[in-house]
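As structure tokens, the structure follows; a few thoughts come after it.
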Amino acid sequence: MSDPARFLGVFAQALAGMSLYTDGHPARERGIDAAYRELADLQRDTPRPLFTFLGDEVVYGRLPLREMKGWDWSPRLANAGIQRLEFEEQVSREEFEAFLEEVLARLTLSVIDTSEARQLRRPSIRFGAVGIRGEQELPTEEALPTATIAFSLGEEADTVRWMHEEVQARGTLPLVEAEAVVRSLAVAMHGDRQMLMPLLQLKEFDQYTTTHSMNVAVLSMALAEYLGMSGGDVRAFGVAGLLHDLGKVRVPLEILTKPGKLTPEERTVMQTHPAEGARIILASEEQLDLAAVVAYEHHILLNGGGYPTVHYPRHCHRASKLVHVTDVYDALRTKRPYRDAWPLERVLAYLDEEAGREFDPELVRAFTAMMRKWDSQVAVLTDERAPLPAPGSGPTASG
């Protein structure tokens, strides 16, 4: 039976040998041959093996390799720009060696000529940052206002949908995948040497929760960064934004996707989602206590209104107040069956009007300044895996 952990161990040994021995040395060749054989063994069970390196975590497909937790090569590969590594079914020995040479060059910070680097990128072996797919440019008709980014978020959207399915089926949250999506969004935001906000455009209302969650994660990270928070805090706010509506997996689909206003009874059911989301997150991972707090508090207004009902005055966490602003912003900027999407200035005016009652005034001021400064850097993407909507369809009627 194939062993992905064994392949990674031999893969690392081959790289170590290549750093010690010159081209053509028998020890160097033996190391490459051994790693290539392990890859062939791996592909007998999994024709297209996929590895993801996130800090000290290693994920094989969607399965965390617990025995590789803390493997010292994982952060080294990630820091060298190799967060994601995928092999096609047919990989030649020559392609594999060329790939190892480029990995070694990245790890040792060797200078690689750009033209040579392009030649070394074999189509049978793909690697790079999580969520960045390929080097090719977008077709002209899909050119974005920023005109320089060449990626989509289709894989990330697929992962979020799969996460929701896992929560529904098993009742636990796949933490590694949630963090991987947030890291991928963070990479996309900084992938062109300037701040970008890659926001997904809704195609059909059944995909609203996925699209909205990813947009809130991006907007929350952008605002946290604009406020000067640390990288760790920015990502933590991103995870909280991504998971803020997780409790909606417990809301019946006919209520969640109803293309109209909810009845009082349906609204009562809908308003259980903050508490449900907090329970799911805490039951899955104690380290996500901030995300659990945000899931619980993101519909509580500054004046104590909203839901769940608070029985005594208290301040919500700053992350909850921040996600509340980005949540409402994205909801109002989305077309619904009973109203069109609001333009930017109308949404910002609404946030300003409600500052002090519904929203934290400081966060509204910062968000407004950020959006006016960075609105031209919003890159509207499409979740390419979602089908086009039927005539008259739109997103869910209630947040």
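Values quoted throughout were computed directly from the atomic coordinates according to the rules given, and no laboratory measurement underlies them. Quick caveat, the model's predicted, so the values are computed rather than measured. Quick reminder, even Gly has a Cβ in these numbers, built from the backbone with ideal geometry, and neighbours come from all protein chains shown.
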Notebook entry, point to check: Taking the DSSP beta bridges in segment 144-382 as the whole, what percent of them are antiparallel, to the nearest 5?
Noted result: 25 percent
Note to self: Taking the Cα centroid of segment 269-283 and of segment 293-355, what is the distance between the two, rounded to the nearest whole Å?
What the structure shows: 17 Å
Check: Taking amide H positions as placed 1.01 Å from N in the peptide plane, with prolines and chain starts having none, which residues 5 or more places from MET197, or on another chain, fall under 5 Å of its amide H?
Finding: VAL378, ALA379
Note to self: If each residue of separation counts as 0.36 nm, what is the full-extension length gain between ASP3 and ASP340 once their alpha-carbon separation is subtracted?
What the structure shows: 116.1 nm
Next item on the list: Can you tell me how much longer the chain between ALA349 and ARG30 gets when fully stretched, taken as 0.36 nm per residue apart minus their C-alpha distance, in nm with one decimal?
Entry: 108.1 nm
Note to self: Could you list HIS164, HIS299, HIS25, HIS324 so that the one with the fewest beta carbons within 10 Å of its beta carbon is first and the one with the most is last?
What the structure shows: HIS25, HIS164, HIS299, HIS324
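If I take every Cα pair under 8 Å that is 6 or more residues apart in segment 4-128, average their sequence separation and divide by the length, what percent do I get for the relative contact order?
22 percent
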Margin query: For THR211, THR172, THR22, which order do you get if you count the other beta carbons within 10 Å of each Cβ and list the fewest first?
Written below: THR22, THR172, THR211
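Say R0 is 35 Å: what FRET efficiency, to the nearest 0.05, do TRP374 and ASP158 get from their beta-carbon distance?
0.80
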Next item on the list: For PHE359, enumerate residues with amide H under 5 Å from its amide H, sequence gap 5+ or separate chain, H modeled in the peptide plane.
Entry: LEU302
Check: Using the Cβ atoms and a cut-off under 13 Å, what net charge is assigned to the surroundings of ASP3, where Lys and Arg are +1 and Asp and Glu are -1?
Finding: -1
Margin query: Using the Karplus curve 6.51 cos²θ - 1.76 cosθ + 1.60 with θ = phi - 60°, what ³J(HN,Hα) values do you get for each residue of segment 317-334, in whole Hz, with x for Gly and Pro?
Written below: 4, 4, 4, 5, 5, 5, 5, 4, 5, 5, 4, 5, 4, 5, 5, 6, 7, 9
Next item on the list: Within 10 Å, count the other beta carbons around each residue, average over each peptide in 6-14, 300-308, 237-245, and list them highest first.
Entry: 237-245, 6-14, 300-308
Note to self: Can you give the Rg/Rh ratio of segment 144-382, where Rg is from the C-alpha atoms and Rh is the Kirkwood radius?
What the structure shows: 0.93
Check: So how strong a dipole does segment 172-310 carry about its Cα centre when Lys and Arg Cβ are +1 and Asp and Glu Cβ are -1, to the nearest 20 debye?
Finding: 260 debye
Notebook entry, point to check: Computed FRET efficiency, Cβ-Cβ of LEU50 and ASP23, R0 41 Å: what is it to the nearest 0.05?
Noted result: 0.90
Notebook entry, point to check: Where Lys and Arg each count +1 and Asp and Glu each count -1, what net charge lies around GLU362 among other residues with Cβ under 11 Å from its Cβ?
Noted result: +2
Next item on the list: Taking the Cβ of THR272 as the centre, find all other residues whose Cβ is under 14 Å away and add up their charges (Lys, Arg: +1; Asp, Glu: -1).
Entry: 0
Next item on the list: Among ALA34, PHE7, VAL103, pick out the residue whose Cα is farthest towards the positive end of the charge dipole of segment 4-128, where Lys and Arg carry +1 and Asp and Glu carry -1 on C-beta, about the Cα centre.
Entry: PHE7
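Figure the gain on full extension for GLU254 and GLN287 (residue separation times 0.36 nm, minus the Cα-Cα span) and round it to one decimal in nm. Write out the running numbers ahead of the final one.
Working: separation 33, 0.36 × 33 = 11.88 nm, distance 3.28 nm.
Gain on extension, GLU254 to GLN287, equals 8.6 nm.
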